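Visitor: Got a structure for you, questions after.
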Amino acid sequence: MASSIWLDKQAPFARPSLEQSIETDICIIGGGISGILAAYLLSKVGRKVTLLEGNTLFSGTTGHSTGKVTAQQGLLYSQLITKFGMEAAQQYYELNQQAVELSFNLAEPGCVQHTDSFLYTQKADGKKDLEDEWKAYQTLGIPGEWNADCEIPYDIAASLKMSKQAQIHPVRFGRTIAEKAIQSGAEIYEHSRVQKVNILKPCVELENGHTVCYKELILCSHYPLEAIIGMQIFKLEVTRSYIVAFEASELYKGQYLSIDKPGRSIRTTLIDDKPFILLAGDSHPAGTISNTSMYYEALQSEAKDKFAASNCNYHWSAQDPETVDLIPYVGQISSRLPNIWMASGFRKWGLANSIVAAQLLRDGIVGKQNVGLSLYSPKHTKFGDAVLQALKLGGKVTKDFVGGHVTRRAMPRCTHLGCKTRWNEADETWDCPCHGSRFSKDGAVLEGPAVYPLDLSGL
């Protein structure tokens, strides 16, 4: 099984599982940064908060991220200006930059470091795209620098720096916030997987039969369990990307992202007084590739060629839901269900956006005005884009569902909507191509939206 550098040698947080039925003001499903920080912020304002994590805290996307907390999220701001206008682009930058700054106040010094973020291209035709993004920076007043020097061992045609960003150890960062949440009165339970949301009671039902009845429900489970209510399940496509980590001779001053294809993300980190480089890149729709070893092999070969890496000590992958218009979904899931909230679709930039999301969720629930609630609302997707995405993913469901029943009986069916899964040789997981569910080799749920284990009895 692939191993993440962030999870190595980290003692379990060791929260109990929920072994009784309870009532609470706010039930949060999902123990990543967005869920844990929302629990902390809401408990601080006097709400009784219960957080349920199906596995262990930070073992999902948080523990498999690059650890970048940055408002520089690819070629973003030129597109936001075109799609939504200057005001919305400005709001997005300010919300994410505030999240970067808040990260320094949330965690102990060793968990977060100041850095600058860089976009770069090695190709002449990529320079025009970077120039457009630089113009957007200038229009929005984003602190940056055109063609700043880069310390990475690539031939750079052009670069764009965004100043005053951050990088973290995501697991240690998250555990600090979890401890703050518990001190503020939040109840956090691990190994407490939700299998059903009963919106009429309203309660969530756990796989052990216990229930949590709530006044407000927040879905921070990466892929919303009940998102079908508002069609969000057809507005999110899930992609998987790959990371290797290896020992380095020194730490870089910046963190880097290529705009070329295949993309590359580069940063360094200090683990137990040893510097490491994280090299990430390549992506594909989740569950569509069986031989994922080739992605690791490409990164490992590049690590040896460019960085003289003798051994890629760690390798892992992560998957991210993406909305169709660049902005995540955070807020009330539907006007028909005003007490159900969600946070998802972070487009590979979940750390900064998780911090944004937690603040938006708190403000929305307590009735505090926040311009981000409108910007990030799950209702923001244009209808035409939503229909196209629904047809795209809906067609995939139909195709794979039929294939799973008729032509590939040996492949276990995902317990979410019945699509056939694929065995992932490199990560030793069963991956679903329809909505991104992942299962361990013994069938246990690793990532949703599936909540029931695979039936492997026919293999």
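Visitor: Suppose all protein chains stay in the model; what accessible area per residue would a 1.4 Å probe give for the range 123-215, in Å²?
Guide: Ligands and nucleic acids excluded, the figure is 46 Å² per residue.
Visitor: Over the chain, what is the mean sequence separation of C-alpha contacts under 8 Å (at least six apart), divided by residue count, expressed as relative contact order in percent? List each step's numbers first, then the result.
Guide: Details: 1008 pairs, mean separation 88.0, N = 459.
Averaging sequence separation for qualifying contacts and normalising by length gives 19 percent for the chain.
Visitor: Turning to a different aspect of this structure: Based on the mean of other Cβ atoms within 10 Å per residue, sort peptides 175-182, 23-30, 296-303 so the most packed one is first.
Guide: 23-30, 175-182, 296-303
Visitor: Where does the chain land at 222 nm, in deg cm²/dmol rounded to the nearest 500, when only DSSP H runs of n ≥ 4 count, each adding -39500 (n - 2.57), divided by all residues?
Guide: Dividing the helical sum by the residues of the chain leaves -9500 deg cm²/dmol.
Visitor: Just to be sure I understand: of the beta bridges DSSP finds with both ends in the chain, what percent are antiparallel, rounded to 5?
Guide: Of all bridge pairs located within the chain, approximately 75 percent are antiparallel.
Visitor: Another one. Between rounded, prolate and oblate, where does the range 24-82 land on the alpha carbon gyration tensor, with a ≥ b ≥ c its root eigenvalues, rounded for a/c under 1.5, else prolate if a/b exceeds b/c?
Guide: It comes out oblate by the Cα gyration axes.
Visitor: Which net charge results for the neighbourhood of Gly110, defined as the other residues with beta-carbon distances under 13 angstrom from its beta-carbon, given Lys and Arg at +1 and Asp and Glu at -1?
Guide: -1
Visitor: Sticking with this one: Shape call for the chain from the C-alpha gyration tensor, a ≥ b ≥ c root eigenvalues: rounded (a/c under 1.5), prolate (a/b greater than b/c) or oblate?
Guide: Here the chain falls in the rounded category.
Visitor: Could you rank the peptides 244-254, 334-344 by their average count of other C-beta atoms within 10 Å per residue, with the highest value first?
Guide: Values: 244-254: 17.6, 334-344: 19.5.
Listed from highest to lowest mean packing, they are 334-344, 244-254.
Visitor: Which shape class applies to the range 81-201: rounded if a/c is under 1.5, otherwise prolate when a/b exceeds b/c and oblate if not, where a ≥ b ≥ c are the square roots of the Cα gyration tensor eigenvalues?
Guide: Working: a/c = 2.37, a/b = 1.78, b/c = 1.33.
Prolate, since a/c reaches 1.5 and a/b exceeds b/c.
Visitor: Using the crude model of +1 on Lys and Arg Cβ and -1 on Asp and Glu Cβ, and no other charge, please compute the dipole size for the chain relative to its Cα centre, in debye to 20.
Guide: 1020
Visitor: With a 1.4 Å probe and every protein chain kept in, tell me what percent of the accessible surface of the chain is carbon plus sulfur.
Guide: Carbon plus sulfur share of accessible area: 50 percent.
Visitor: Which value in nm describes the separation of the simple spin-label points at Ser457 and Leu270, placed 7 Å from the Cα toward the beta carbon?
Guide: 5.5
Visitor: Considering only C-alpha atoms, what is the centroid distance from the range 417-451 to the range 89-105, in Å?
Guide: Value for the Cα centre distance between the two parts: 34 Å.
Visitor: A further question on this structure: How high is the relative contact order of the range 292-374? Use alpha-carbon pairs under 8 Å, at least six apart in sequence, and give a whole percent.
Guide: Dividing the mean separation by the residue count of the range 292-374 yields 21 percent.
Visitor: Give the peptides 272-282, 33-43, 163-173 in descending order of average Cβ contacts within 10 Å, highest first.
Guide: Answer by packing, highest mean first, reads 33-43, 163-173, 272-282.
The values are calculated or read from the model by the stated rules, or taken from the named source; none is laboratory data. Model, not experiment: these values are computed from the prediction. Because the Cβ atoms are built from the backbone with ideal geometry, glycine has one as well, and the counts that use them run over all protein chains shown. Remember, those area values only see protein heavy atoms, side chains included, never the ligands or the DNA or RNA. Shrake-Rupley method; radii C 1.70, N 1.55, O 1.52, S 1.80 Å.
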